[in-house]
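Read through the structure below, which is laid out as structure tokens, and then see the notes.
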Amino acid sequence: MMENPQSVQLNNYVGFDSITSQINRKLVRRGFQFNVMVVGPSGSGKSTLVNTLFSAHLMNSKGRVDIQTPYRQTTEINVTSHAVHENRVQLQLNLIDTPGYGDQINNDKCWEPIVKYIRDQHSSYLRRELNSHREKRLQDTRVHCCLFFIRPTGHSLRPIDIAVLKRLTELVNVVPVIAKSDSLTLEERGAFKQQIREEIAKHDIKLYPYDSDDIDDEELSLNAAVRNLIPFAVVGSEKNIIVDGKPIRGRQNRWGVVNVDDENHCEFVFLRNFLMRTHLHDLIETTSLYHYERFRSKQLSSLKEQSSMASRMASPTPTFPTDHLHPSATIAN
């Protein structure tokens, strides 16, 4: 057993403090990966908000061509990948678009394809991780962030919203947003946000970010500020509108022009800063250390039980068809 380390004062400069620069150079050279899932009803502005967040046209809108035509619906889970660059940093961005839930006459268990997809990515990563000849850098398709879109009805969450939120928060970091929030007045928006927060607390729904014992006071304070904003009331737009002779990203509504980047108009800037500038690394790390670790622990415990049972029964060892995790067990999705 190792003793507690004693603090020692160095007599001269050694240079190991440069390890942070060494790590930074290596990470910048490799690049980063961020997997974002969007979940919500059809026509809730998912594609537009993602394009606004990354200031690029990354997803094609499924919205209406004009007011007379119905919303075009996503009917299956689609993944699109983009390599985006900012200064010297490269980010591989994988966007997971899901079918609009709650749009059908029978919405019983309409969330199952989404839940299955998230679990399948954990399962796939575990298989690669346990392979005897695993890759040097495992391909990571685990979902790091799920943007959950809420329609700006001004009323309470639907029962189906509660059901979907409960299941998603068990598997992934969920960030709820009220898109197209400019359809509400500021007073209506504030009351709607409060109503949603109360319902989330009532149903004990655990949203990201999470507090833990290993974060400092600054992070605790930052997380508390974020929770006071959730759900983020945002507006997305890829269009520039000229206001007082200057172009702004905005949307024209019945009250005038909504400036997407104005904190007094909507909470888009707070959402972008939260996702990109303060919690991007934590979203990725929490996926690995919390959600995936829970899945991994359950799966390996199950494998151990199956192995023990097979030994007690003295049954012939079956042949495992693909990745050899264990001769008598498979990973459940």
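The values are calculated or read from the model by the stated rules, or taken from the named source; none is laboratory data. All values derive from a computational prediction rather than experimental measurement. Note: ideal-geometry Cβ built from the backbone for every residue, glycine included; neighbour counts use all protein chains shown. Accessible surface is based on the protein model in full, side chains and every heavy atom, while ligands, DNA and RNA are left aside. Shrake-Rupley method; radii C 1.70, N 1.55, O 1.52, S 1.80 Å.
Cβ separations smaller than 7 Å between residues 6+ apart or across chains give the following pairs from the range 152-175 residues that are open to solvent by 20 Å² or more (accessible area, probe 1.4 Å) to residues that are assigned to a helix (DSSP H, G or I) and not hydrophobic (A, V, I, L, M, F, W, C): Pro152/Ser181; Pro152/Ser183; Gly154/Glu188; Ser156/Gln195; Ser156/Glu199; Leu171/Arg119; Leu171/His291. One residue is enough: does the range 162-173 have a residue meeting the conditions touching a Lys or Arg at 6+ places or on another chain (Cβ under 7 Å), under 21 Å from Glu267 (Cα atoms) and of a type in the set (S, T, N, Q)? No, every residue in the range 162-173 fails to be touching a Lys or Arg at 6+ places or on another chain (Cβ under 7 Å), under 21 Å from Glu267 (Cα atoms) and of a type in the set (S, T, N, Q).
A residue that is modelled with pLDDT of 85 or more and of a type in the set (Gly, Ala, Ser) occurs nowhere in the range 93-107. Only residues that are of a type in the set (Asp, Glu) and in contact with a strand residue (DSSP E or B) (Cβ under 6 Å, 6 or more places away or on another chain) were counted in the range 266-314, giving 1. Taken together, Val65, Val50, Val38, Val79 contain a single residue that is surrounded by fewer than 16 Cβ atoms within 10 Å (Cβ to Cβ), modelled with pLDDT of 90 or more and either hydrophobic (A, V, I, L, M, F, W, C) or part of a loop (DSSP other than H, G, I, E, B) (or both), which is Val79. So which residues in the range 82-102 are open to solvent by 20 Å² or more (accessible area, probe 1.4 Å), in a strand (DSSP E or B) and either of a type in the set (Phe, Trp, Tyr) or out of contact with any Leu (no Cβ under 7 Å at 6 or more places or on another chain) (or both)? Hits for the range 82-102 are Ala83, His85, Glu86, Val89, Gln90, Leu91, Gln92. Taking the range 17-35 as the range and being over 23 Å from Gln121 (Cβ atoms) and either of a type in the set (D, E, K, R) or not in a helix (DSSP H, G or I) (or both) as the test, the residues that pass are Asp17, Arg25, Lys26, Arg29. Counting only helices (runs of 4 or more DSSP H) that sit wholly inside the range 201-292, those with at least 1 residues that are among the small types (Gly, Ala, Ser) are 217-229.
Could you say which residue among Tyr117, Tyr125 is open to solvent by 30 Å² or more (accessible area, probe 1.4 Å), in contact with a Leu (Cβ under 9 Å, 6 or more places away or on another chain), modelled with pLDDT of 95 or more and under 30 Å from Val28 (Cα atoms)?
Values: Tyr117 fails: in contact with a Leu (Cβ under 9 Å, 6 or more places away or on another chain).
Just one listed residue meets the conditions, Tyr125.
A single member of Leu222, Leu229 is over 21 Å from Pro41 (Cβ atoms), in contact with an Asp or Glu (Cβ under 7 Å, 6 or more places away or on another chain) and modelled with pLDDT of 95 or more, and it is Leu229.
Among the numbered conditions (1) surrounded by 12 or more Cβ atoms within 10 Å (Cβ to Cβ); (2) hydrophobic (A, V, I, L, M, F, W, C); (3) under 24 Å from the mean Cα position of the chain (by Cα), the only one that Val243 does not meet is (3). For Ile205, the criteria (1) touching a Ser or Thr at 6+ places or on another chain (Cβ under 6 Å); (2) under 15 Å from Glu267 (Cα atoms); (3) β-branched (Val, Ile, Thr) hold in every case but one, which is (2). Within the range 177-196, the set of residues being without any contact (Cβ under 8 Å) to a residue 40 or more places away in the chain and open to solvent by less than 70 Å² (accessible area, probe 1.4 Å) comprises Thr185, Gly190, Ala191. Among the residues of the range 255-266, at least one is farther than 30 Å from Lys116 by Cβ and modelled with pLDDT under 90. The set of residues in the range 239-286 being under 19 Å from His57 (Cα atoms) and hydrophobic (A, V, I, L, M, F, W, C) consists of Ile241, Ile248, Val260, Phe268, Val269, Leu271, Leu275, Met276. Asn253 fulfils the conditions (1) exposed (fewer than 13 other Cβ atoms within 10 Å of the Cβ); (2) within 22 Å of Gly102 (Cα to Cα); (3) among the polar types (S, T, N, Q) except for a single criterion, (2).
Please pick out the residue among Leu222, Leu207, Leu186 that is over 26 Å from Asn60 (Cα atoms) and more than 23 Å from the chain's Cα centre (by Cα). Break it down into steps so the answer makes sense when it comes.
Details: Leu222 fails: more than 23 Å from the chain's Cα centre (by Cα); Leu207 fails: more than 23 Å from the chain's Cα centre (by Cα).
Just a single option satisfies the conditions, and that option is Leu186.
Of the residues making up the range 1-35, those that are open to solvent by 30 Å² or more (accessible area, probe 1.4 Å) and of a type in the set (A, V, I, L, M, F, W, C) are Met1, Met2, Val8, Leu10, Val14, Phe16, Ile19, Ile23, Leu27, Phe32.
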